Amino acid sequence: MSSSPTSAAGPAVRRPSAAPTLIWTALILVYLLWGSTYLGIRIAVETLPPLTSAALRFAAAGLVLAVVLRLRRGPGALRVDRRQLGSAALVGVLLLAGGNGLVVLAESGPPGVALPSGIAALLVATVPLLVVLLRSGTGDRPPVWTFVGVTVGFAGLVLLVLPHDSTGAVPLVGALTVVAGAASWSVGSFLSGRIRMPADPFVATVYEMVAGALVLAVVAAGRGELGDFHPASVSTRSWLALGYLMVAGSLVAFTAYVWLLQNAPISLVSTYAYVNPAVAVALGALLVAEPVTAQTLLGGAVIVAGVAVVVSTERPRRAGAESRSGTAPAGERR
């Protein structure tokens, strides 16, 4: 961040509001690209060890982004102080090793234990609810309609992935694993607006990816994944999926997400958790001919309604309105 977090005794620090067009462009990238990563992860872990694949994904993406920044901006492009480095590393571990790593584990288990991607998306949708609770617990009270919006969105997700019969039991271990990942992601997202991060979101992304990849690699080694990893046995299909995750899911979408955390209200940013499952359902219908039922359409409509409520109550205020009120918009107090 370009400024220190707001203390309890001091006034909120305000920054110029980002253009709504930029915010919506970044949101749409996160909506669409992260919605496709559920399918990408499932294909990648068909023949790749789960945490090893996640470590490779973030290490490669972080390295590419670091090289690009170094070539375009010169030797000092990645320079940060010790506090900024520690903050970025902490957020990276919470978001990538904790949040993403646990979801990958939940989706990669054996039959009967692995969590279906649709159910994983539903459980990840607890992120906005958890973030609102975190905000409330620190005195940053979201509007009542924000609570209404996240509740409506969650109800829509329930409709979207609710099993049609008793055979659709949710594996308990996988579900708890994703809930733990969602909690880790929520805390990381919340802290990123409260601690002193690198001012440039691209630089922050590099250090977050490197830290996340290192922790994932250590845990993968502890699980014995590295010893059993033989690149020659990995299918072309899995390699292509991993490449897609590196470029679309990490370099593009994650960088957009980091930028949004610094330039848009957190509750607005969190609406990606409602849209991603709808994108996953659409891709399933287009790519593997999964049926789109009336229940799917109803759930999608309710999701859109929940997103609309949150967007209308959490959209960035104009700079003039902020100056008159003397406070930063809800979700942007640093």
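Each value in this text was obtained by applying a stated rule to the coordinates, not by laboratory testing. Predicted model only: the values in this text are computed from it and were never measured. All Cβ positions, even for glycine, are placed from backbone atoms using ideal geometry, and neighbour counts span all protein chains on display.
Computed with the Debye formula from one identical point scatterer per Cα of the stretch 59-207, without solvent, the log10 of I(q)/I(0) at q = 0.17 Å⁻¹ comes to -1.02.
Coupling constants for the stretch 261-271 follow from the phi torsions by the Karplus curve (6.51 cos²θ - 1.76 cosθ + 1.60, θ = phi - 60°), and in residue order they are 4, 9, 10, 9, x, 4, 5, 5, 4, 5, 5 Hz; glycine and proline get x. With r defined as the distance between the Cβ atoms of Ala221 and Gln295 and R0 fixed at 56 Å, what FRET efficiency is calculated, to the nearest 0.05? After rounding, the FRET efficiency stands at 0.85. On the basis of the beta-carbon distance and an R0 of 25 Å, Ser235 and Val173 show a calculated FRET efficiency of 0.40.
Dipole magnitude for the stretch 20-325: computed about the Cα centre from +1 point charges on Lys and Arg Cβ and -1 point charges on Asp and Glu Cβ, it is near 1060 debye.
Extents of the stretch 20-325, largest first, come to 60, 53, 32 Å (Cα atoms, principal axes, whole angstrom). Taking Cβ atoms as reference points and 15 Å as the exclusive limit, the residues near Ser186 contribute a net charge of +1, counting Lys and Arg as +1 and Asp and Glu as -1. When each of the peptides 190-198, 226-234 is scored by the mean number of other C-beta atoms lying within 10 Å of its residues, the order from highest to lowest reads 190-198, 226-234.
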